[in-house]
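What follows is one structure encoded as structure tokens, with my remarks underneath.
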Amino acid sequence: MIPNNALAELKKIIAPGSLLTGPADLEEYATDSTKMRFMPDAVAFPSTGEEIAQIFRLANREYFPIIPRGGGSGKSGGALPVKGGLVLAMDRFNRILHIDTENLIARVEPFVITETFQNEVESLGLFYPPDPASADASTIGGNVAECAGGLRGLKYGVTGDYVLGLTVVLPTGEIIKTGVETMKGVAGYDLTSLIVGSEGTLAVITSITLKLLPRPEAKKTMIVFFRVIETAARTVSNIIRGKVIPATLEFLDRMSIECVRSHIKFPIPDETEAILLIEVDGSEMVVADDAEQVRKICMSSGATEFRLAASKDEVEEIWEARRKVSDSMLDLKPGKISEDVVVPRNRIPDLIRFLEELSKKYCLPIPAYGHAGDGNLHVNILLDNTPDEKKRGEMVVRELLQRVIDLGGTITGEHGIGITKAMYMDMEFSPPAITLMKQIKGVFDPNNVLNPGKIFL
Ligand SMILES: Cc1cc2nc3c(=O)[nH]c(=O)nc-3n(C[C@H](O)[C@H](O)[C@H](O)COP(=O)(O)OP(=O)(O)OC[C@H]3O[C@@H](n4cnc5c(N)ncnc54)[C@H](O)[C@@H]3O)c2cc1C
């Protein structure tokens, strides 16, 4: 709860019209893509780092929570005001400040929409590879805070691999720069890496320096159909063992395919149990060779059909369908628990087999899709939201996460811990490791005013 005197001071700190307090206005900021709901006391739209610094100084004096928010597409509840307080809507930090085509570096404010930035960079013949499936809704700031991955992670890595430096406001009210604006630099502790992926709990990001690449000359997109789901999973390992590294290697199981079937116009062979979506990029010559190599591996691994996208429209159709999978799941059942597990790539067949066992054991549909090339699958437990199904769903999650850890994996590859996975942190980390993380949080934010209630129970 923000004390009344603090609300009055907030109005003096930020520009007129930049503070919302009416319940109807706050509603939009009470939820994100998790569909959970927690009402904030107020929402502020700061325009400068100095305003944010002043807000933090006030929050430390009057003790109220501050919750940074980007596009609200987060899947672990990181932007939700679970303890009330002030949502810091970063909407006004929406400029691409500079694209340096000589040094292949860009500086952006955090509320630049990921897709807008990708398009801008590509229009200059450059390339920003991180490509979350939510690129039309997420912001670069949210991507940095979550260290978002996406569809091109296999070859190009994740957001953190492109962040060179940051300007941030610390919860204690100081503004600092971290990292470099050069291609390398090792001075001091790597505060940039600490803040990347810290889920808005260590600092508020106000500008980001990003590394860019030259835009690949060509790409080829393939869709490969399988009658046996485990064959598809094994093919992923075979492709990587075959020393081709596609930019994208996505997997959809039968139920995920059903969810997006209406978006795919070309025929899907009968009895298809799984699809791999594969894209290779590079020079014209390399791309042609890689696509042929991928075709051979897929067919010798047991694919039923291999299809090379014939036109730009068909490529777009394939990726549009892939981007719609997550939301379309709710057409099948009203509720879902979304998991984001990662296993070593060669253990994907074991994971798939285990999901089938879990689905039978708990009588719940458990479709899976995602970045198979990274070993990162989005496992969805679909529910009718009855108390009994919810309880069975939670049992599935515990068994699933334990198996993932036993397979040498991790409980989240890109969606973060937020609130939805905080209760499972102790499955992956020892008590001393969690204590150390909490101590780091305490150094940045001694009064726990920034995004409290996240990551740790
Ligand atoms: C359909 C769909 C597909 C998705 N696909 C992917 C995918 O392929 N890969 C992937 O990684 N994720 C994916 N996501 C999840 C989500 O889009 C990402 O986590 C994204 O990075 C969130 O960005 P956002 O701007 O929406 O952040 P928000 O949801 O607004 O916030 C996320 C976190 O970032 C913090 N934050 C936001 N801005 C700042 C800032 N300026 N300073 C400090 N902290 C800040 C918030 O406090 C919160 O903890 C998907 C989501 C959906 C709905």
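A short reminder: the numbers here are calculations on the coordinates, not readings from a lab. Quick caveat: nothing in here was measured; it's all calculated off a predicted structure. All Cβ positions, even for glycine, are placed from backbone atoms using ideal geometry, and neighbour counts span all protein chains on display.
For region 139-153, backbone phi angles converted through the Karplus equation (6.51, -1.76, 1.60; θ = phi - 60°) give residue-by-residue couplings of 10, 4, x, x, 5, 5, 4, 9, 6, 4, x, x, 6, 10, x Hz, Gly and Pro being listed as x.
Of all aspartates and glutamates in the structure, those lying under 16 Å Cα to Cα from K12, and not within fewer than 8 positions of it along the same chain, are E50, E51, E62. Helix 229-241 and the longest principal axis of the Cα set of the chain meet at an angle near 80°.
Ordering Y156, Y128, Y189, Y63 by the number of other Cβ atoms within 10 Å of each residue's own Cβ, fewest first, gives Y189, Y63, Y156, Y128. Amide H contacts of L202: none lie under 5 Å away among residues 5 or more positions distant or on a separate chain (H built 1.01 Å from N in the peptide plane; Pro and chain starts excluded). For the set K75/K361; K324/K360; K11/K454; K333/K390; K390/K421; K312/K336, the pairs lying more than 22 angstrom apart at their alpha carbons are K75/K361; K324/K360; K11/K454; K312/K336.
Cβ crowding within 10 Å ranks D445, D270 as D270, D445, fewest other Cβ atoms first.
Calculated mean residue ellipticity at 222 nm for the chain: -10500 deg cm²/dmol, from DSSP H runs with n ≥ 4 weighted as -39500 (n - 2.57), summed, divided by the residue count and rounded to 500. What number comes out for the charge environment of E109, summing +1 per Lys or Arg and -1 per Asp or Glu over other residues with Cβ under 11 Å away? Here the count lands on +2. Here the Karplus relation 6.51 cos²θ - 1.76 cosθ + 1.60, evaluated at θ = phi - 60°, turns the backbone of region 102-109 into coupling constants of 7, 9, 6, 9, 9, 10, 9, 7 Hz, with x for every Gly and Pro. Candidate cross-link partners of K177 among the lysines, defined by an alpha-carbon separation under 21 Å and a same-chain spacing of 8 or more, comprise K211, K441.
The angle separating the long axis of helix 49-62 from the principal Cα axis of greatest extent in the chain is about 70 degrees.
Going from the fewest other Cβ atoms within 10 Å to the most, the residues H415, H378 appear in the order H378, H415.
Across the chain, the mean sequence separation of Cα contacts (distance under 8 Å, 6 or more residues apart), normalised by length, yields a relative contact order of 16 percent. Ordering M222, I2, T48 by Cα displacement along the dipole of the chain toward the positive end leaves I2 in first place; charges were set at the Cβ atoms of Lys, Arg (+1) and Asp, Glu (-1). Over 15 Å, how big is the tail of the calculated P(r) for region 333-406, in percent of all Cα pairs? I get 48 percent for the Cα pairs in region 333-406 exceeding 15 Å.
About the centre of its Cα atoms, the chain shows a dipole size close to 800 debye [charges on the beta carbon of Lys, Arg (+1) and Asp, Glu (-1) only; nearest 20 debye]. The distance separating the Cα centre of region 131-203 from that of region 391-408 comes to 29 Å. To the nearest ten degrees, helix 431-444 and the longest principal axis of the Cα atoms of the chain are 50 degrees apart.
Each peptide among 95-101, 174-180 gets the average number of other Cβ atoms lying within 10 Å of its residues, and from highest to lowest they stand as 174-180, 95-101. Take the Cα of E316, step 7 Å toward its Cβ, do the same at M437, and the gap between the two points is 4.1 nm. Note on the chain: dipole from Cβ charges, positive end direction compared against I440, A232, A137; the farthest Cα belongs to I440. The mean of 1/r over all distinct Cα pairs in region 218-328, once inverted, gives the Kirkwood hydrodynamic radius of 13.9 Å. Whole Å is fine, so just give me how far the alpha carbon centre of region 1-80 lies from that of region 219-277. So the two Cα centres are separated by 43 Å. Kirkwood radius for the chain, taken over all pairs of different Cα atoms as the inverse mean of 1/r, rounds to 23.0 Å.
Each residue of region 341-355 is assigned a 3J(HN,Hα), and the resulting list reads 7, 10, 10, x, 3, 6, 9, 4, x, 5, 5, 4, 4, 5, 4 Hz, derived from the Karplus form 6.51 cos²θ - 1.76 cosθ + 1.60 (θ = phi - 60°), x at Gly and Pro.
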